[in-house]
Amino acid sequence: MSVILRDQVQSITANLKAAGKTVVFTNGCFDILHVGHVRYLTAARKLGDCLIVGLNTDDSVRRLKGPSRPVNNENDRAEVLAALSAVDYVVLFGESTACELAGAIQPDIYVKGGDYVIEDLPEAKIVAEHGGKTVLVPMVEGSSSTNIINKIKA
């Protein structure tokens, strides 16, 4: 349950795997934390012994979601995520995909929401190349940061 630096992730993962632990990896913006995030992260954690969350930096969120996002800055988002019992480590990344991070972590299991298609996830290919698998976790209908923002604006 800690925020780690990018250059620490490989050694942490290697130590976990050497100890026989199953490493699960997911990534996202996690801008305004809601029940969908909590259920998703809890389901991801149940798939292994350790959950590492790749968190988009503020710049990468802006590129993905637009200039008004994120609502919460990367340090606050990282601290909130790290406080969740399901999350073991949070690591920031600024690229438009988490491919580089997935390659560094080489997780046993990569998790994304059910609104994705495995074949469309570039990270899934990287994970498979290292012997891992990708699992899609069902989404909580209607739960999203965008929906919360739109409700506040209404």
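Bear in mind that the values in this text are calculations on the coordinates, not laboratory data. Quick caveat: nothing in here was measured; it's all calculated off a predicted structure. Note that we place each Cβ from the backbone using ideal geometry, even for glycine, and neighbour counts take in every protein chain shown.
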Inset, instruction - Work out the charge dipole of the chain with +1 on the Cβ of Lys and Arg and -1 on the Cβ of Asp and Glu about the Cα centre, then indicate which of Asn75, Gln8, Ile148 is farthest towards its positive end. - result: Ile148
Inset, instruction - Could you tell me the number of lysine pairs in the stretch 2-153 with C-alpha atoms less than 28 Å from each other, where the two lysines are 8 or more residues apart or belong to different chains? - result: 20
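Rounded to the nearest 0.05, what FRET efficiency do Gln8 and Asp120 have when you use their Cβ-Cβ distance and R0 = 35 Å?
0.70
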Inset, instruction - Determine the sum of side-chain charges near Glu119: Lys and Arg each +1, Asp and Glu each -1, restricted to other residues whose C-beta is under 13 angstrom from that of Glu119. - result: 0
Inset, instruction - Would you please name the chymotrypsin sites (Phe, Trp or Tyr not before Pro) within the stretch 1-66 that are DSSP coil residues with at most 11 other C-beta atoms within 10 Å of their C-beta? - result: none
Inset, instruction - For every helix of n ≥ 4 consecutive DSSP H residues, a contribution of -39,500 (n - 2.57) applies; sum these over the chain, divide by its total residues, and give [θ] at 222 nm rounded to the nearest 500 deg cm²/dmol. - result: -11500 deg cm²/dmol
Legend entry - Positive minus negative residues near Leu47 (Lys, Arg vs Asp, Glu; Cβ under 11 Å): +1
Inset, instruction - Using a cut-off of 15 Å between beta-carbons, work out the net charge of the residues near Leu81 (Lys and Arg +1, Asp and Glu -1, Leu81 not included). - result: -3
Inset, instruction - State, as an integer percentage, the relative contact order of the chain based on alpha-carbon contacts under 8 Å between residues 6 or more apart. - result: 29 percent
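What shape does the stretch 38-80 take by its C-alpha gyration tensor, where a ≥ b ≥ c are the square roots of the eigenvalues and a/c under 1.5 counts as rounded, a/b above b/c as prolate, and the rest as oblate?
prolate
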Inset, instruction - Express the Stokes-Einstein translational diffusion coefficient of the stretch 2-153 in µm² s⁻¹, to the nearest whole number, given a Kirkwood radius over alpha-carbon pairs, 4 °C and a viscosity of 1.567 mPa s. - result: 84 µm²/s
